[in-house]
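Student: Just dropping this structure here.
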Amino acid sequence: MRKRILIALSLVILLIGNSLPTNAVEQVNKVTYSKRYYLQESHKKISSDLLKLIDEQYRTNKETKEQVKSAIKNMKALIKAEDSSSYGLNKSNDDLVYVYIRVNDNESTHIIDNYANKVKNRDEKNHVITAWVEVNKINVIASLEGVRSVNTVLPPQVNVGSVTSQGDALQNVDSFRNLSGIDGTGVKIGIISDGVDNLASAQVTGDLPGDVITLSNTVGGDEGTAMLEIVHDLAPGAQLYFHDCGDNELAFNDAVDALVNAGCQVICDDIGWITQPFFEDGIIASHISSVIDSNNIVYVSSAGNEAQNHYQGIYRADNTGYYFHDFDPSSAGYSPLLVYIPYGETVRVVLEWNDRWGASSNDYDLILADLDGTSFVSSIEEQNGDGYPLEFVYWTNTNASGYYQIVVPKYAGVAKTLELYVYGGYIADGYYTSSDSIFGHAAVPKVIAVGAANADSPNKIAYYSSQGPVTISYPSAVKRNKPDIIGIDGVSVTGAGSFSNPFYGTSAAAPDVAAIAGLLWAQNPSKSASEIRTMITKGGIDLGTAGYDTVYGYGMLNMILAASPCIPENLAAAPSDKSAIISWTANAESDIAGYQLEYKTTAATNWTVKTLAGTVTSTTVGSLSNGGTYQFRLKAKDSAGNFSGYTDIVTCMPVDNVAPGVPTNFRMTSVNDGRIVLAWTAPTATDLSGYRIAYQKAGDTEWTEIGTIAKIVTYTMTGLENDINYKLKIQSRDSTGNWSAYSSEIEAMPQDKTPPAVPTGLTTLVGTDKTIQISWTANTETDLDGYEIVWQKYGTTIWQSEVVGKETLSKTVENLTHNTRYYFKVRAKDLKGNWSNYSTVVYAIAKDQVAPTSPVGLAAAPSDKSAIISWTANAESDIAGYQLEYKAEGAAYWTIKTFASTVTSTTIGSLYNGRTYQFQLKAKDSAGNFSGYTDIVTCVPDL
């Protein structure tokens with residue numbers, strides 16, 4: 001049927017083109033601008049459908065009040081005055097409408113009590129009530145200062161489809177029951193849907209047990225009966241409960257609470273409240289989230305059947321000048337959203353955009369019109385900062401089946417993301433958006449949102465099954481992964497109450513999952529709801545894109561897989577010497593009893609099994625052959641004896657990866673100019689092949705490694721900087737290439753300890769006055785600082801020394817002892833204070849070759865036959881004596897007389913009186929050197 005509709009729809013698109021007729025534009029503009037201009041303040045609080053009911057100016061030319069009343073009644077939201085008593089309402093003089101009334105945050109909902117015919121539900125936390133009110137009281141209520149809005153209560157969307165097959169076998173539930181004997185006994189499962197009007201019929205046929213507990217059945221219908229049948233087929237021992245969905249959102253929350261209070265551990269619904277927020281959690285989503293957090297329950301909900309009845313896109317202005325949203329961004333002109341509406345079908349269209357709920361200042365409107373724009377319904381709520389980003393229309397097609405257009409004008413504000421659902425019509429191919437078509441409480445993270453696959457093609461998602469992800473904008477932007485799991489629809493039911501058989505839609509798939517949750521809990525009564533949810537999501541057989549995806553979630557739920565422990569994760573095999581080190585992440589389940597590790601060579605057929613305790617997450621498999629490839633796989637086992645599936649096989653090739661020992665006693669044995677000499681003790685390793693030394697210079701952050709060093713125990717590092725501290729460490733290597741850890745660090749500082757060369761060319765030169773000059777050849781070192789000359793007197797043990805600068809190449813040593821041997825040697829020194837060895841020893845004999853000065857003061861005094869001779873003592877310290885010479889004047893030879901050095905006078909006798917005598921004197925030093933003679937003095941002896 002749908003295929004034929006889409007073909008016809010494509011022809012219509014070709015015929016009408018991509019633009020609104022001029023008269024349609026004018027009609028739409030009149031609604032969105034002219035009528036809004038005259039809105040009273042109280043009217044701004046009232047939904048558009050109610051405005052048409054209370055004031056004709058809001059109706060189009062073709063709309064009558066009776067038509068408006070009929071449309072609202074079609075939504076089960078209007079009761080004629082004369083029928084009020086039969087519906088349990090108070091007597092009324094005017095027709096009654098069913099509405100949500102929201103009050104300001106600082107107000108109590110009780111301000112409405114005096115104006116309502118009957119209050120049905122009240123939620124003070126969220127400041128909202130549902131009530132039946134007279135039509136003539138609508139504007140009165142809206143005029144109250146504390147009232148925020150008055151909106152029609154729209155019935156929920158029941159997520160039913162229309163086709164068949166069996167989930168019991170396809171999801172291996174029957175196999176599980178047969179193997180385990182578990183049928184859900186001891187677990188309470190509650191269903192929320194429209195009704196169970198013909199429950200008794202299904203009980204008569206045995207498709208439902210006689211002890212189903214119905215807490216409420218006021219809405220009517222038999223989708224609840226069909227859902228209960230599916231649960232009973234899969235979990236026949238479970239205690240079943242039912243509560244209708246209620247006729248408003250608050251009543252739905254009450255239904256959830258009623259099932260929780262009745263002790264239901266699993267709750268499943270197939271309800272979508274179509275005006276709940278799309279971009280944040282509304283009162284139902286928030287309530288269910290709170291219930292899950294406060295109670296140990298599993299909540300299952302159908303994901304929805306709106307994959308092809310949903311549109312989402314950022315507002316894009318058309319080219320008409322009227323700010324209509326262009327639904328086809330690929331077109332050059334304007335494109336409305338085309339929908340096909342069959343005859344007699346009531347269509348509901350809901351539009352929202354990503355503003356904060358109750359704080360919208362971006363004003364969009366919603367119009368459903370025929371193709372020429374002459375007949376339409378509209379919603380023109382005002383969003384002025386405290387409004388709701390919501391517009392909705394509903395309309396029953398009493399004309400022939402045909403094509404209609406949805407128009408979204410932007411009255412004020414900025415471009416936002418628009419999201420729109422159509423219930424009861426078909427969106428044209430190419431215009432619907434399958435992704436992000438899940439909203440409301442099914443989008444709550446801890447709710448299990450169930451998509452559907454038809455029984456006749458269980459590996460393919462049903463075309464109508466809503467898809468994720470879910471775009472949440474408030475309180476913070478996030479993408480939620482939905483759906484969670486896929487169930488089977490198209491299953492057989494009794495068709496009680498003429499309900500569709502087979503049963504299609506996510507409404508049929510959700511009870512599959514709820515029943516499996518019940519079976520899992522019956523099998524594992526000590527598990528928490530969170531653990532049961534985990535078992536369900538890990539029990540999916542992957543479909544679509546590998547891993548989780550937003551079409552299939554975690555895949556098609558399989559009972560056997562869900563009941564088993566999770567497949568262990570992160571299995572890894574690390575090679576070692578003739579062994580493999582196997583590790584994995586511990587399973588999260590609380591009842592894991594152990595693991596079974598299996599391994600073999602790639603060529604082998606049989607696996608070797610190793611059983612491990614549940615607390616073990618690593619083990620070493622030994623006795624393997626290095627160089628051979630081994631395969632490993634692992635599965636978990638729970639306390640009930642259920643095995644998980646195997647992990648993927650991992651492979652490993654054992655190798656010698658055992659490092660040799662760390663070298664010990666690593667030390668510095670010496671330092672020198674730009675070098676450090678290191679030594680260590682070798683580790684005990686038969687396959688030791690060498691070492692690696694790393695060093696770090698002071699001030700550096702990185703280590704420098706010296707390439708592989710041979711198998712030695714000492715090493716000299718060269719090319720280093722003197723007077724800089726170095727950190728050093730060493731590691732050893734075996735023949736396979738395994739490196740040990742580094743040793744502890746040591747420190748060393750290279751220093752210049754190389755002495756200069758020994759001076760050469762050493763010679764001596766004897767001086768005249770007890771001096772010896774020593775000289776040598778200059779050293780060539782650039783860092784030469786000077787020399788040391790040392791000498792030693794023969795026969796002594798003491799060396800005397802003198803240090804001279806590097807420019808000095810000779811030295812005269814004075815005050816030596818005459819005729820004495822002296823030994824000499826020289827050594828050189830550099831700027832670091834390093835001394836060379838001494839040179840070869842040379843020697844020389846000191847000589848005193850300097851004569852004393854001639855004595856002075858020589859005088860001769862005459863006496864009888866003698867002369868008294870005197871002089872002044874010489875000042876030299878080495879005067880050994882004096883030699884006095886005399887002769888008679890005219891004689892040829894002098895007579896010599898010697899005196900000690902202490903003598904300074906003498907008497908010369910045996911002379912002849914009257915005769916003239918001459919006298920001269922010279923001094924003699926200890927070396928035998930004579931001074932020159934004094935001047936001759938004369939004397940004549942006499943009486």
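The values are calculated or read from the model by the stated rules, or taken from the named source; none is laboratory data. These figures come from a predicted structure and were not determined experimentally. Note: ideal-geometry Cβ built from the backbone for every residue, glycine included; neighbour counts use all protein chains shown. SASA here: full protein model, heavy atoms, side chains in, ligands and nucleic acids out. Shrake-Rupley method; radii C 1.70, N 1.55, O 1.52, S 1.80 Å.
Student: To two decimal places, what compactness ratio does region 760-846 give when its Cα radius of gyration is scaled by 2.2 N^0.38 Å?
Tutor: That ratio works out to 1.08.
Student: If you roll a 1.4 Å probe over the heavy atoms of the protein chains, what accessible area per residue do you get for region 43-152, in Å²?
Tutor: Details: 5150 Å² over 110 residues.
Here the per-residue accessible area is 47 Å².
Student: Just the number please: accessible area per residue for region 664-748, 1.4 Å probe, all protein chains included, in Å². Intermediate values should be presented prior to the final figure.
Tutor: Numbers: 4390 Å² over 85 residues.
It amounts to 52 Å² per residue over region 664-748.
Student: Sticking with this structure for a sec: How do 699-712, 614-627 rank on mean C-beta neighbours within 10 Å, highest first? Mind dumping the intermediate values first?
Tutor: Details: 699-712: 10.7, 614-627: 13.4.
Put in order of decreasing packing, that is 614-627, 699-712.
Student: How large is the charge dipole for the chain, taken about the Cα centre, if only the Cβ atoms of Lys, Arg (+1) and Asp, Glu (-1) carry charge, to the nearest 20 debye?
Tutor: Here the chain has a charge dipole of around 3920 debye.
Student: Rounded to the nearest percent, how much of the accessible area of region 664-748 (1.4 Å probe, protein heavy atoms only) is carbon and sulfur? It would help to have the intermediate numbers written out before the result.
Tutor: Details: 1920 of 4390 Å².
After summing per-atom areas, the C and S share lands at 44 percent.
Student: Using a Cα-Cα cut-off of under 14 Å, which aspartates and glutamates could be cross-linked to Lys80, ignoring same-chain neighbours fewer than 8 residues away?
Tutor: Within the straight-line cut-off, Lys80 pairs with Glu66, Asp94, Asp95, Glu134.
Student: For Trp680, what charge total do you get from the other residues with a beta carbon under 11 Å from its beta carbon, if Lys and Arg give +1 and Asp and Glu give -1?
Tutor: On the way: positive: Arg667, Lys729; negative: none.
That works out to +2.
Student: With the calculation restricted to Cα positions, what are the radius of gyration and Dmax of region 565-652 in angstrom?
Tutor: 12.7, 40
Student: Then there is this: Could you sort out which of Lys69/Lys479; Lys753/Lys811; Lys73/Lys188; Lys446/Lys610; Lys727/Lys832 sit more than 32 Å apart by Cα distance in this structure? List each step's numbers first, then the result.
Tutor: Details: Lys69/Lys479 40 Å; Lys753/Lys811 27 Å; Lys73/Lys188 37 Å; Lys446/Lys610 37 Å; Lys727/Lys832 23 Å.
Over 32 Å apart, Cα to Cα: Lys69/Lys479; Lys73/Lys188; Lys446/Lys610.
Student: From the gyration tensor of the Cα coordinates in region 178-273, what semi-axes in whole Å does the equivalent ellipsoid have, largest first, with each one equal to sqrt(5λ)? Intermediate results must be reported in sequence, preceding the final value.
Tutor: Working: eigenvalues 99, 48, 21 Å².
Rounded to whole Å, the semi-axes are 22, 15, 10.
Student: Between Ser401 and Glu569, what length comes free when the chain is fully extended (0.36 nm per residue of separation minus the Cα-Cα distance, one decimal in nm)? Please list the in-between numbers first.
Tutor: Working: separation 168, 0.36 × 168 = 60.48 nm, distance 5.54 nm.
Computed gain between Ser401 and Glu569 is 54.9 nm.
Student: Note the full-extension length gain between Arg915 and Tyr646 as 0.36 nm times their separation in residues minus their Cα-Cα distance, in nm to one decimal.
Tutor: Working: separation 269, 0.36 × 269 = 96.84 nm, distance 15.37 nm.
So the chain would gain 81.5 nm between Arg915 and Tyr646.
Student: Next question. Just the number, please: carbon plus sulfur as a percent of the accessible area of region 43-152, 1.4 Å probe, no ligands or DNA/RNA counted.
Tutor: Working: 2140 of 5150 Å².
Reported share for carbon and sulfur atoms: 42 percent.
Student: Further question: When a/c is below 1.5 the answer is rounded, else prolate if a/b is larger than b/c, else oblate, so apply that to region 726-875 with a ≥ b ≥ c taken from the square roots of the Cα gyration tensor eigenvalues. Working shown, then result.
Tutor: On the way: a/c = 5.00, a/b = 4.70, b/c = 1.06.
Cα axes put region 726-875 in the prolate bin.
Student: Can you tell me how much longer the chain between Ala546 and Ala861 gets when fully stretched, taken as 0.36 nm per residue apart minus their C-alpha distance, in nm with one decimal?
Tutor: Details: separation 315, 0.36 × 315 = 113.40 nm, distance 14.58 nm.
Length difference between fully extended and current span is 98.8 nm.
Student: Using the Cα atoms of region 310-433, I'd like the radius of gyration and the largest Cα-Cα distance, Dmax, both in angstrom.
Tutor: When restricted to Cα atoms, region 310-433 yields Rg and Dmax of 13.9, 41 Å.
Student: At a Cα cut-off below 17 Å, give the lysines reachable from Lys45, other chains included and same-chain residues fewer than 8 away excluded.
Tutor: Cα-Cα hits under 17 Å: Lys35, Lys137.
Student: From the C-alpha gyration tensor of region 43-152, pull out the three semi-axes of the equivalent ellipsoid (sqrt of 5λ each), sorted largest to smallest, in whole Å.
Tutor: Working: eigenvalues 102, 60, 23 Å².
Taking √(5λ) for each eigenvalue gives 23, 17, 11 Å, largest first.
Student: So for the chain, Kirkwood radius off the Cα pairs, Stokes-Einstein at 10 °C and 1.306 mPa s: how many µm² s⁻¹?
Tutor: On the way: Rh = 38.5 Å.
The diffusion coefficient I find is 41 µm²/s.
Student: Calculated FRET efficiency, Thr817 and Ile706, Cβ-Cβ r, R0 51 Å, to nearest 0.05?
Tutor: That gives a FRET efficiency of 0.25.
Student: Could you work out how far apart the two model spin labels at Glu745 and Thr585 are, taking each label as a point 7 Å from the Cα in the direction of the beta carbon, and quote it in nm?
Tutor: Modelled inter-label distance: 3.7 nm.
Student: In cubic angstrom, how much convex hull volume per residue do the alpha carbon atoms of region 856-939 span?
Tutor: Working: hull volume 6.9 nm³, N = 84.
Residue-normalised Cα hull volume stands at 82 Å³.
Student: How long are the semi-axes of the ellipsoid equivalent to region 474-601, from square roots of 5 times the Cα gyration tensor eigenvalues, in whole Å, largest first?
Tutor: Details: eigenvalues 257, 68, 48 Å².
Working from the Cα gyration tensor, I get semi-axes of 36, 18, 15 Å.
Student: Post the alpha-carbon centroid distance, region 782-811 to region 52-106, in whole angstrom.
Tutor: 128
Student: Moving on. Leaving out ligands and nucleic acids, note down the accessible area per residue over region 310-433 with a 1.4 angstrom probe, in whole Å².
Tutor: Details: 3900 Å² over 124 residues.
About 31 Å² of surface per residue is accessible.
Student: Another question, then. Compactness ratio of region 669-751: Cα Rg over 2.2 N^0.38 Å, N = residue count?
Tutor: On the way: Rg = 13.0 Å, N = 83, 2.2 N^0.38 = 11.8 Å.
The value comes to 1.10.
Student: Hey, any idea what % of region 310-433's accessible area is carbon plus sulfur with a 1.4 Å probe?
Tutor: Values: 1840 of 3900 Å².
After summing per-atom areas, the C and S share lands at 47 percent.
Student: Going Cα to Cα from Lys865, which aspartates and glutamates come in below 16 Å? Please leave out same-chain ones fewer than 8 positions away.
Tutor: Glu889, Asp942
Student: What net charge is computed for the residues neighbouring Trp791, neighbours being all others with C-beta under 15 Å from the C-beta of Trp791, Lys and Arg scored +1, Asp and Glu -1?
Tutor: Working: positive: Lys770, Lys793, Lys811, Arg821, Lys825, Arg827; negative: Glu788, Glu802, Glu814.
Net charge around Trp791: +3.
Student: Give a quick list of chymotrypsin sites (Phe, Trp or Tyr not before Pro) in region 802-892 that DSSP marks as loop, anything other than H, G, I, E or B, with at most 12 other Cβ atoms within 10 Å.
Tutor: The qualifying sites: there are none.
Student: Round to the nearest 0.05 the FRET efficiency obtained for Asn665 and Thr754 when R0 = 30 Å and r is the Cβ-Cβ distance.
Tutor: Working: r = 27 Å, r/R0 = 0.91.
Rounded to the nearest 0.05, the efficiency is 0.65.
Student: Moving on to the next point. By how many degrees, 0 to 90 and rounded to 10, does the Cα axis of helix 529-538 deviate from the longest principal axis of the chain?
Tutor: With both axes taken from Cα atoms, the answer is about 90 degrees.
Student: Counting only residues 5 or more places away or on other chains, whose amide H sits under 5 Å from the amide H of Asn626 once H atoms are built in the peptide plane?
Tutor: Lys578
Student: Let me ask another. Among residues other than Gln596 whose Cβ falls under 10 Å from its Cβ, what is the net charge (Lys/Arg +1, Asp/Glu -1)?
Tutor: Values: positive: Lys610, Arg633, Lys635, Lys637; negative: Glu598.
Residues close to Gln596 contribute a combined charge of +3.
Student: Order of 659-668, 471-480 by packing, highest average Cβ count within 10 Å first?
Tutor: Working: 659-668: 16.9, 471-480: 13.9.
With the highest mean Cβ count within 10 Å placed first, the list reads 659-668, 471-480.
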